[in-house]
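Where a number appears in this text, it was derived from the coordinates with a stated rule and is not lab data. Remember, it's a predicted structure, so these values are computed and weren't measured experimentally. FYI the Cβ positions are ideal-geometry reconstructions off the backbone, even for glycines, and counts take in every protein chain you see.
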Amino acid sequence: MEAVATHCPYCALQCAQTLTPTPAGVGVAGRDFPTNRGGLCQKGWTSASVLRAPDRLVTPLVRGADGELGPATWVEALDLVARRFSEIRARHGADAVAVFGGGGLTNEKAYQLGKFARIALGTANIDYNGRFCMSSAAAAANRSLGVDRGLPFPLADIGGAAAVLLLGSNLAETMPPAVAHLSGARAAGGLVVVDPRVSATATLTENGQGLHLQPVPGTDLVVLLGLLHVVLAEGLADRAYVDERTSGADDARRLAAAWWPERVEQVAGVPAALLRETARLLAAASPSRGGAGAYVLTGRGVEQSVQGTATVNAAINLALALGLPGRLGSGYGAVTGQGNGQGGREHGQKSDQLPGYRMIDDPAAREHVAAVWGVDPATIPGRGRPAVELLDSLGRAGGPRALLVHGANLRVSAPHSTHVADRLDALDLLVVCDVVPSETAQRADVVLPVLQWAEEEGTMTSLEGRVLRRRKAVEAPSGARSELWVWRELATRLGAPGTWDTDAAAVFDELARASAGGRADYSGLSHARLDAEPDLHWPCPATEGEPHPGTPRLFLDGFHTADGRARFVAVDDRGPADDVRADAPIHLVTGRVLQHYQSGAQTRRVEDLVTASPAAFVELHPVLADRHGVEPGDLVTLTNARGTVTAVARITDAIRPDTVFMPFHWPGEQNVNRVTNDATDPVSGMPEFKVCAVTVARADLPAHPEAAGPLLITEVPA
Amino acid sequence: MRLVVIGNGMVGSRFAEDVLARDDAGKYDVTVIGDEACETYNRVLLSEVVAGRQDLAAITLPVLAHPRLSVLRGVSAAAIDREDRVVVTTEGNRHRYDQLVLATGASARIPPLEGLGLGSGALPLGVHALRSIDDAREIVAATLNSRRAVVLGAGVLGVEAASGLAQRGCPVTIIHPADALMERQLDVSASTVLVGAMPGFGIHPRVGVGAEAAIVANGRLTGIRLTGGEVVESDLLVVATGTVANTSLAAAAGLACERGIVTDAGSATADGRIFAIGDCAQPPGGGTGLVAQGWDQARALAERLTGTVARGRAGGAGASDVVRVKAHGLDVVTMGVCGGSRPTDPEQRTLSLSDPAAGRHIEVVVEGDRLVGATCIGAGQVAADLVAAYTRRTPVPRDPAHLLLATLSSAPPAPSSPGDLADDAAVCRCNSVTKADVARAHSRGAHSVAEVARETRATTGCGGCKDEVCGLLAWLGSRDEARLTATAAPV
């Protein structure tokens, strides 16, 4: 096969790659593109290794009478799944079969999965792991800007700005090639990073390249209220912009008025002088004051909170006061995390949405989508339960009895994961589609082997709303099948209405029609057009004559609200759900390391990555380590009411003494989600991954690094 | 239910908002009676207005618009008729209440100083308190022509006012009769450090000296005579000698008043229908004069009246006894156990670091494994960290002396030469490439950045390590050359 131009399988930056199949395997090289400029991180360079994972799933598996997963034919497995789904539906109602999707699925698959749930299963209960990822940013952007596109401008625009306020994002580890776009702000001394850790990204502010604010975990909203306070108090706001392009400024001002910098300092631990300096730096870079431009960007660090939506709205309020959104060279954006975290939330796998970013309880939306699907609008179910609630309801009275999982490894990635594991175990039927035996697949009743990124065609929508083509470079192992095929087979067996194409280009065309007129309108796009024009951002509606050029920059002429104005949303601080207290006096924050992605199901199978980053660890400050008699390399346990997690100590003063950090890519004893909090944001349903309270102790056991196990591969019979 | 609030200041207005935000059942109609004609404003920030750091307009608090809230501005309550449950205004209007909340605040205490015309109610020209937005406006206007300002009283507000005046470019003398500035918060050694720092910010402190008289000519201030007879010439005097709770309305209605309106821990007076919050109140532990306490009382009372509990951050308003002076350059933070007059407690350890030449003084008080008090002058981030530890009661380090210093930057000193770099030091973080990896590539003939990138992938992630790779290649090249030279040298 020839060299194929495609994009990386991992994060939302979707770095451009060239894949060259050779007899020895698939060669990977970076490809020049405006986002990654030819760069790849170690995950991208080594991505082809997963194609040859020794435990790659190549045959359906069915749990037998002996309780073990054993190989089955596709017909056996699909017949079984369809029969059990039908039985459960007949006995407990259609909502008793639930679906859990993923932000790594292509647009075509996200679309088809949502459709499969609604008209093949007839269930309201579909949600996806993007609920853990982008839901707070999405909810906040929708209520303020009228539409949710992570970056409503091309990433490269950021390069021209003199100031970038980056809240809760560790770009330098999570999407390294993106760092190049911060060089303009760094050269101007204008990169401001807000993170309780001196993260790799925070170090980019050193040597006069910017400022690092190191707040107490769970106080980001307070920091933002304080910044807005200073902007308003010192007359730094863009008054003309606020008057002409926004509404609701007074209510936001009323709440920010109570957060003068000295009060913020008391709650957030960020010196008042640093807050003032930050606000002035942002203002000086803002267009109304003749600056070169300023951006406010948020990441999961501030969004994965019970007040995540409020925090993002506070960030947007600050950007609005400075007159940034909808201006060339300035703006607000959320840095999307998962590979198709953007597209995954637009095409209908969210519990409250239909394709085109339509709301499921909007009658016009239902009518439009029903026409595309060829069904009666009345047959489309209503709003389902959002992820945390859905998972909690599994196997309970009135809750789902069966779950179909695509592109998610819930046993590792869900908050309070031991509880989620219990709920999964309480199901009558768990069906997992995956490429490797993930921790979730290993406990499933039926495992269906599906395709990897280099084995399939499709599209992904990157963090900047650009629709990218994913292309097939190699043949899949003979036993694996496309999910599009799996759903067609199941839909047929279930006697579902509608058409079930297995060709991604055809599914895309249907998706495009379903999205027409919606907030995320793809109707002017097709695989053929995207092959010819790799630079198209949605919305891109179908047109009569000249094709629509796509929309790299939103809001230049107005916001997508009813009156065209961006809304200040009045928000105030309530604090985290699980704050430190006498019996849990230390904050725990979680995050990623460069070498691993999400639950690690893929990256823990890549030797180079495992060598560089073999196991989970607990970062703790020397003062805290000293207090607990912990030496580097000791095993440390973190405990709270939800559970205990154990990992090796890494002692560093790059973290606050009142806080410990753990990455979340590992299963079992090392799985930090055993203790993270599943309390959710009332608006978005986002769980509070990013802050909870724990006790720290040295594990009594001697450290056994090998027990931490670098490569966790379970043999699965072929 | 009719809920009447007397006082539309920071605490009264906040209380009305807190009640309505929690009153989903629509149980209350709220009437707020405030004697100031202007919009509610942030009194805490008046010293910022004096300093020119905040616009007057920017400190107004936009009013909540709510169908069940009516706010009467420029209206004074004249009497409370507890029998009929009516508040009578000076205009004679009657407002019936089912529950009444007094948030009447406090007034500036004017000391009985000769020349201040105590009792006449009118201060001489050039003499101001700093309690209202009008005071701030007048002081700002007065600074335009003032040759020297005097601040009487160096409590928190006095220090903030002096700093504000100094920032306006006005030379300032601050007079304080006690032996320490802010003596409720600072002991003599802490005060001495603050005294030493003040001249650098245009403030001339006179500690341990009181004022004897205001010298007034033609109804206008010309100077202050100190105890001992010395005269400080001045045309602007800001009096910051404490406050007096506004209790007359409550006292006239027969409610118990001492330093303030006496309440229980739930802000209730002996009349179960009447409550007092903020600076006018005297709860069991006494009032702190800090807005945080008033806001905590407002929230707690709103929850009590509406029967709701909303999730809120512990110490969300800032712990009730953390004092943070808002003064440009003068960084003073205290909390809990502090000040010179505190009793010694054998359970407590007190550790301090004093660095007067650098304007720094830090004292921490530890009991068990908790921080129970601290005094910080010029401590920057350390003070912010101590507040976080104090308000959240996080455990202190095994050796509490670690509380006194910020940890040093995590960045190790950059090696002076690539040769000093350890072999396993990461050169390219994005691709896990070490110095040894680059050296290996170099030995295999990779002599340019592009060649090293091809061999090792270094520089192909974020690109931030290009300079380091260049430096490393140069070093490797010269090392090889030196070896070659050494080999080739005649024996």
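For peptide B:456-467, the mean count of partner chain Cβ atoms within 10 Å of a residue's Cβ comes to 6. Taking 0.36 nm per residue of separation and subtracting the current Cα-Cα distance, fully stretching the chain between A:Asp563 and A:His548 would add 3.0 nm. Net length available on complete extension from A:Ala24 to A:Asp583 is 195.7 nm, with 0.36 nm assigned per residue and the Cα-Cα distance removed. Karplus-derived 3J(HN,Hα) values for segment B:222-232, using 6.51 cos²θ - 1.76 cosθ + 1.60 with θ = phi - 60°, are 10, x, 10, 9, 8, 4, x, x, 4, 10, 9 Hz; glycine and proline are entered as x. For A:Phe664, the residues 5 or more places off, or on other chains, whose built amide H falls under 5 Å of its own are A:Gly591, A:Val593. Put simply, the C-alpha atoms of segment B:331-405 give a gyration tensor, and the ellipsoid matching it has half-axes of 18, 14, 11 Å, longest first.
Between A:Arg574 and B:Arg479, the modelled labels are 5.8 nm apart [label points 7 Å from Cα along Cα→Cβ].
Counting, for every residue in A:576-587, the Cβ atoms of other protein chains within 10 Å of its Cβ and taking the mean gives 3.
Sorting B:349-357, B:104-112, A:483-491 by their mean Cβ neighbour count within 10 Å, with the most densely packed peptide first, gives A:483-491, B:104-112, B:349-357. A simple spin-label model places pseudo-atoms 7 Å from Cα toward Cβ; at A:Ser478 and B:Asp98 they are separated by 8.1 nm. Projecting the alpha carbon convex hull of the protein assembly as shown along each direction and taking the average yields 54.7 nm². Amide hydrogen proximity for A:Glu346: with H placed 1.01 Å from N in the peptide plane, no residue at 5 or more positions away or on another chain lies under 5 Å. To check you understand DSSP bridge types, tell me what percent of the beta bridges within the protein assembly as shown (both residues inside) are antiparallel, rounded to 5. Of those bridges, close to 50 percent are antiparallel. Here chain A is described by how far its Cα atoms reach on the three principal axes: 72, 69, 53 Å, from widest to narrowest. Per residue, the average separation of C-alpha pairs within less than 8 Å and at least 6 apart gives chain B a relative contact order of 12 percent. Can you list residues from other chains, or at least 5 along the same chain, whose modelled amide H is less than 5 Å from the amide H of A:Val164? Here the answer is A:Leu191, A:Val192, A:Tyr295, since their amide H atoms fall under 5 Å of that of A:Val164. Sorting the segments A:570-583, A:525-538 by their residues' average number of neighbouring beta-carbon atoms within 10 angstrom, most packed first, yields A:570-583, A:525-538. Among the residues of A:42-48, the average count of other protein chain beta-carbon atoms within 10 Å of the residue beta-carbon is 4.
Within segment B:91-245, antiparallel bridges make up roughly 40 percent of the DSSP beta bridges whose residues both belong there. Size of chain B: Rg and Dmax of its alpha carbons, in Å, are 30.9, 116. Under the criterion of Cα pairs below 8 Å and six or more residues apart, the relative contact order for segment B:426-485 equals 34 percent. A straight chain from B:Arg220 to B:Asp81 at 0.36 nm per residue would run longer than the Cα-Cα distance by 45.8 nm. List nothing, just return the count: lysine pairs in chain A, 8 or more apart or interchain, with Cα separation under 20 Å. Lysine pairs, 8 or more places apart or on different chains, close enough: 4. Kirkwood analysis of the Cα pair distances in segment B:137-213 returns a hydrodynamic radius of 12.5 Å. A helix-only calculation puts chain A at -7500 deg cm²/dmol for mean residue ellipticity at 222 nm, using -39500 (n - 2.57) for each DSSP H run of at least four residues, averaged over all residues. Projected label points at B:Asp345 and B:Val309, each 7 Å from Cα along the beta carbon direction, are separated by 2.6 nanometres.
Rounded to 0.05, the FRET efficiency of the B:Lys27 and B:Ala256 pair, given R0 = 35 Å and the Cβ-Cβ distance, is 0.75.
Taking max minus min of the alpha-carbon positions on each principal axis, segment B:426-485 gives extents of 37, 18, 17 Å, largest first.
For segment A:240-379, the percent of C-alpha pairs falling in each 5 Å distance bin, counted from 0 to the bin holding the largest distance, reads 2, 8, 12, 15, 17, 13, 11, 9, 6, 3, 2, 1, 0.
Computing FRET efficiency as 1/(1 + (r/R0)^6) for B:Arg147 and A:Glu244, where r is the C-beta to C-beta distance and R0 is 41 Å, gives about 0.35.
Label zone (A:Val58, point 7 Å along Cα-to-C-beta; backbone nitrogen cut-off 12 Å) within segment A:471-493: A:476-480.
Taking every full run of DSSP H in chain B, the ones that stretch at least 30 Å from end to end by Cα along their long axis and average -0.5 or higher on the Kyte-Doolittle scale are B:466-488.
Sorting the segments A:448-457, B:275-284 by their residues' average number of neighbouring beta-carbon atoms within 10 angstrom, most packed first, yields B:275-284, A:448-457.
Shown is the FRET efficiency for A:Thr492 and A:Ala397, computed with R0 = 30 Å from the Cβ-Cβ distance and rounded to the nearest 0.05: 0.40.
Note: relative contact order over segment B:331-405, using C-alpha pairs below 8 Å and six or more positions apart, is 33 percent. Our coupling estimate for segment A:50-57, obtained by passing each phi through the Karplus curve with A = 6.51, B = -1.76, C = 1.60 and θ = phi - 60°, is 5, 4, 10, 4, x, 9, 3, 6 Hz, Gly and Pro reported as x.
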